[in-house]
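Chemist: Okay, here's the structure, questions in a sec.
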Amino acid sequence: MGRLFAVEIVYRGIFQKNLAKNISRGIVLAAHLDGKMGISFGRYGDSPERNGIPAKSFAIVATDEETLQEGMAKYEPKEVDISIVVDDTLCKGVESWAWYGLQPINRLLTPGGTLIFTAMPAPETIIGMTHRKESPYQLALLRGIPSFSGLWVYKNDHTEVRVLGAIAKVLPELLSLQSVELAIQEEWHDDLKVTSARKAFERVTTRVVSPSEGNPEKPYEFELPKWHELREGLTIPAIPVGGAMVDPQTQQTGGFRPDRNPTFKKFSTRTMRPVVDFDTCVKCTLCWLQCPDSCFDVTPDGLYDAHMESCCGCGVFEAVCPIEHCITMVNETAFADNASQWEAWKQDKTAYQGWVKEKIEHIPAREHGFRIRGQYEEAVKELAKAGVVDTGGEEITERVVSDPGEASAGG
Ligand code: SF4
Ligand code: SF4
């Protein structure tokens, strides 16, 4: 019996679909040049995708046909040698179309397997937000800003080839650097991409994560009804109707909290979250009206508190709020929990002001897709100016980053 390798790529639906597809395809092409055989596929349960919802692609590689067939007989791998995570905020866990509840990002990793992150934060920050695992595993960090693109657009910033270079370093039995370089030449005909893969091979850093490290929280899960417990027909319970200002959850007068989907919380969809300065809010209701996910609890004092378990981080209400800096979208990695901002403000307004100041000073090192040509280059330029990425001292041209592998690599 030969050796079977399984790799998953966890990505954000739509924005990173082409990125995940190119990585899984690149793995199979390079493995083929190394004399192995394989297949890459996306998970059916993740379709249709929606913006930002975590989704997965897989690559299965084997040293012989019989082993590959055995691997392919499973709907999807139960264990993987490598999990590739192309957005650092996914370290908090993923809730996908394909299941109910939150799953740790390292859940499928085989003992001793490797989690490859493309991320800017330090390994300790990533580990602190990643759920604990019973067996040790390896964290590999490939420094780079998240590779997001707009709907159906592919951002050619070399993330795909950099990930292939990193795989060759952490699991050379699966791919050799030589086969990665050859596959890149055959697929993309681009020497610069080959250089980016080689640099990633040299620069990826690894560290073993022990079972005592990480977020100790148990991710939320649901007991799903058995088929014989389901109600006949399709019925959706209506939202209970009370007086105009009766809270449907507490039945008390004052404030209003809408009923929410109890089994799909959505917050793992979020890459940025709103920070609200309640002292400047003029209670105009625009955010409450415009939020596409009915996230707002109307508080007894008529303010609007975004419910952090339901917020998908779309940023719509930052755009509609008429008061400057009343709402600021901040990178999700700057937060450790989903606590109510309004309750913190009520408790201690001076301390809350300090918290807001600290959070909005945090540079949001990400974009919600790209709307204009050259936007990515602008973003990298700004980050370089702020010292967040090092572009190696080379001027970023109007056309493309002069060496996108360098820019993403942090120098
Ligand atoms: S970012 Fe604002 S508008 Fe968007 S889902 Fe969250 S609360 Fe609603
Ligand atoms: S849009 Fe801004 S000012 Fe208006 S209620 Fe919402 S947070 Fe307050």
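A short reminder: the numbers here are calculations on the coordinates, not readings from a lab. Bear in mind that the values here come from a model prediction, so they are computed numbers and not experimental data. A quick note on method: Cβ atoms are made from the backbone with ideal geometry, for glycine too, and the neighbour counts reach across all protein chains shown.
Chemist: Normalise the Debye intensity by I(0) for the stretch 22-75, one equal point scatterer per Cα, no solvent, then take log10 at q = 0.13, 0.16, 0.23 Å⁻¹ and round to two decimals.
Modeler: Ignoring solvent entirely, the Cα scatterers give -0.37, -0.53, -0.86.
Chemist: Which distance in nm do the two modelled labels at K74 and K283 give, with both placed 7 Å along the Cα-to-Cβ direction?
Modeler: 5.7
Chemist: If you line up the Cα atoms of the stretch 48-192 on their principal axes, what length do they span on each, largest first, in Å?
Modeler: 40, 38, 34
Chemist: Please state, as a whole number in µm²/s, the translational diffusion coefficient that the Stokes-Einstein equation yields for the stretch 130-204 at 25 °C and 0.890 mPa s, with Rh defined as the Kirkwood radius across alpha carbon pairs.
Modeler: The calculation lands on 182 µm²/s.
Chemist: From the square roots a ≥ b ≥ c of the eigenvalues of the alpha-carbon gyration tensor of the stretch 77-130, which class results: rounded (a/c under 1.5), prolate (a/b over b/c), or oblate?
Modeler: Oblate shape, in that a/c is at least 1.5 and b/c is the bigger or equal ratio.
Chemist: What percentage of all Cα-Cα pairs in the stretch 115-157 are separated by more than 17 Å?
Modeler: Every Cα pair in the stretch 115-157 considered, those over 17 Å come to 44 percent.
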